[in-house]
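The values are calculated or read from the model by the stated rules, or taken from the named source; none is laboratory data. All values derive from a computational prediction rather than experimental measurement. Note: ideal-geometry Cβ built from the backbone for every residue, glycine included; neighbour counts use all protein chains shown.
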Amino acid sequence: MKSKHDDEIKALLMYKQIPPVDEEEKRELVHKLKAYMPVSQAAPSKIMQQLIQKAFTSIYRDHKIELFVLLTFLLLAYSFMPASDVWIVIMSTSPIPIFLAGWHLLNGQSNDMVELELTYKYTFHQVLFSKIIAIVAWNLGIYSVALLYLLGIKNMDISLYFFHIVILGLTPIITFSLALLLLSIKYRRETSWTVVILTWIFFVLLSLQTPLGTFLIEVNVLFYVLLNGSLVLFLLHRLQHLWRTERLSDGIL
Amino acid sequence: MNEDSVLVRAILQGDEEAMEQLVYRYYDEIFYYINQIGAPYEEAKDITQEVFISMLKALPKYKEQGHFKAWIYRIAYNKSMNHFRQSKYVTTLSEAHEEVAEDDIGGTVENQSLVKELLDSLPQKQSSALILKYFHGFTASEIAKVMGVSLPTAKSRIFQGLKKLKKRLKEDEN
Amino acid sequence: MGFYKLLFVEGKKLIFQRDIYIALFICTVLFWLAINSNPEPSSPFQFWKSLASVMPWIGYWFVSVLIVVGVARCLPFEREQGMEELIHTYKKGRLHLLVVKQVTLLIYCALVVFYFYLLAIAAYAMQYDTGGLFAQVRMAESPYVSVNPSWTFAQLLLYEYGYLVLAAYIFALSILFLSFIIKRSVFIIMIAGGSFAAGEIFYFFLLRYIGTMEISKYPYFINRYGFNGMLGFNYLDSLTADYISAIQVYGLFAVIIVLLFLLNLAAKRWMRHVALGD
């Protein structure tokens, strides 16, 4: 039932008086806003492609000597490793490119740098996204070359054992890609990455000196396939999230 | 395609005139809204400026769905709430309007002060919902978008606000 | 600020370092996996024998990783947080602050060692029967430590705990000294952690490939009585036990600690003189 107050309240609330607005303020605002005019951007997929390509080539341009030394080291290690230690050499050396690239990435990524990058044409997250993809691609590339070399020099057959070793070597690459991504977003401190590398060295030592190594190699290959699959899915999910992360975070988007 | 989206597209192409038009179209009501929900006159000017800057920065990510007005009001609502939280106090509506009320002319003063008093007596979320509905002509679903709540919550805020106002009016009569 | 309050503040600074938790998480997983990967078959007093052997076997690696990570930021903290200017104005003097920092490190070392013993107790208690705390060590001697066989397991574990805390503290004080020379915590981790890891890798290859060569005896000696050997309980093995008793080892460690403690204070004082141009 409508009371007599309903109309009264609505009539009262409809009543409005606009406070005077300073026209000069509006002109000043328009002038100020010119500095914030959006730069017209290409389609996201095109930007993504451009950025990844750029990150990929810049790794080669800036670190070609390191890459060459690393590849030589890997090929030498693969040439002279004892047959019994093939798996541990492959597993322990496979994530080295990611360790080096990760160190470079986090070393130049202080909060000041992030502030600076936020003023660039691309967002910090877009740049980070492309760098991570490029680093993983480089790591997988180097790993593939080393494996092909292994097939050539050791006359290893493409058997289940070889497949097992390949999968085992992929596990740290994917794990550390994910760790690098999470650490770059959350901590942005090179000490965290150094701690990860240090613990990896002790993991390798543990695998050599304790039954842990045998235990790991004896785990069914399907477990590693599943583990890697889940890690890849999680990595892709985080990367997708990173790409979509907006520049502003005050709840207006 | 409504006029807002035409302007938005033009701004995204770098058209400064379109930006100017958009500012002139919304400046008054955004400023008025911010002032009404509790920011004093001078602060409301600053917050309005921030709203437009944030709007422009976020425009490339704006998903065009014909709700530009609700979107910019949402920015205004969030900016104002952030401002209130940071300044650790919420200015009452009466304080916010004080400077303007002094300039009021004759017969309008009575109504104006009654509205202020009534809205002042409500919790801020309810008064904000009523301001959006009756002063700015938003529907309940648009209010929900602006305030970032569900439709039933927005409706409930309007309903509860009106109910309390009715009670106040009855009390005054008695 | 009083001693205890400053100790509390320094302790808080230390435990709020995120890197420690990253290291702690990875080390816990690895330690747990290594212990459970291939357990020895159960036998009488196996629980106590395993517990007495776990730190000299692999446990000290994890202790040292956490010591490196925790100590590396102890001195550079103020500089990296941009608070160095503030410390200069600290009225009781920076030496007082350094004393507090060094005491904090002792507590940190004791906690880290305690944590890994606790983890080992939990892991082994799931595998073996825990009876026999007051049985004599001779019932199941550890291949890593050589102590008086009439000691009980309780005595041996208490002794081992104290030994590892002191050894870890010596390591921590040495890293602290290193941080007077190296300013960035990341390089301190790289150098301290890297050289410790290199010592272990070297020992592994030494044993495997060049252990029989004459030339290996010098690096072997350094490794045996350096930080790796000290943390790895080499001061307690049968070879050393002929020259120095378990109690004397405690005395030796205490002397080293006092010297390092004073050395760090002297270094700080000297650096202040250098900074002031005296």
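Just one of the numbered conditions (1) closer than 30 Å to B:Leu56 by Cβ; (2) modelled with pLDDT under 75; (3) among the acidic types (Asp, Glu) is not true of B:Glu142: (2). For the range C:29-45, the condition of being surrounded by 15 or more Cβ atoms within 10 Å (Cβ to Cβ) and away from chain A (no Cβ under 14 Å) holds for at least one residue. Checked against the criterion of being in contact with a helix residue (DSSP H, G or I) (Cβ under 9 Å, 6 or more places away or on another chain) and more than 16 Å from A:Thr93 (Cβ to Cβ), the candidates A:Leu168, A:Leu140, A:Leu160 yield just one match: A:Leu160.
Kindly indicate the residue of the range B:1-57 that is β-branched (Val, Ile, Thr) and surrounded by fewer than 18 Cβ atoms within 10 Å (Cβ to Cβ) and also nearest to the chain's Cα centre (by Cα) among those meeting that condition. This residue is B:Ile53. Among the residues of the range A:153-195, just one is free of Cβ contacts under 8 Å to residues at least 12 places away in the same chain and small (Gly, Ala, Ser), namely A:Ser159.
Here is the figure for the range A:127-152: residues that are among the small types (Gly, Ala, Ser), without any contact (Cβ under 8 Å) to a residue 40 or more places away in the chain and closer than 29 Å to A:Gln50 by Cα total 2.
The residue that is surrounded by the most Cβ atoms within 10 Å (Cβ to Cβ), counting only those in the range B:93-136 that are at pLDDT below 80 and among the small types (Gly, Ala, Ser), is B:Ala96. Residues that are farther than 18 Å from B:Met147 by Cβ, touching a residue at least 12 places away in the same chain (Cβ under 8 Å) and charged (D, E, K, R) within the range B:36-78 comprise B:Glu43, B:Lys45, B:Glu50, B:Glu64, listed in sequence order.
When the range A:195-213 is filtered for residues that are within 7 Å of another protein chain (Cβ to nearest Cβ) and of a type in the set (Ser, Thr, Tyr), the ones remaining, listed by number, are A:Thr199, A:Thr210. Taking the criterion of being closer than 18 Å to C:Ala266 by Cα, within 14 Å of chain A (Cβ to nearest Cβ) and modelled with pLDDT of 85 or more, no residue of the range C:49-102 qualifies.
Yes or no, residue by residue, for (1) closer than 30 Å to A:His104 by Cα; (2) touching an Asp or Glu at 6+ places or on another chain (Cβ under 8 Å); (3) not polar (S, T, N, Q):
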| residue | (1), (2), (3) |
| --- | --- |
| A:Ser144 | yes, no, no |
| A:Ser159 | no, no, no |
| A:Ala179 | yes, no, yes |
| A:Arg188 | yes, no, yes |
| A:Tyr224 | yes, no, yes |
| A:Leu227 | yes, no, yes |
| A:Ser230 | yes, no, no |
| A:Phe234 | yes, no, yes |
| A:Leu239 | yes, no, yes |
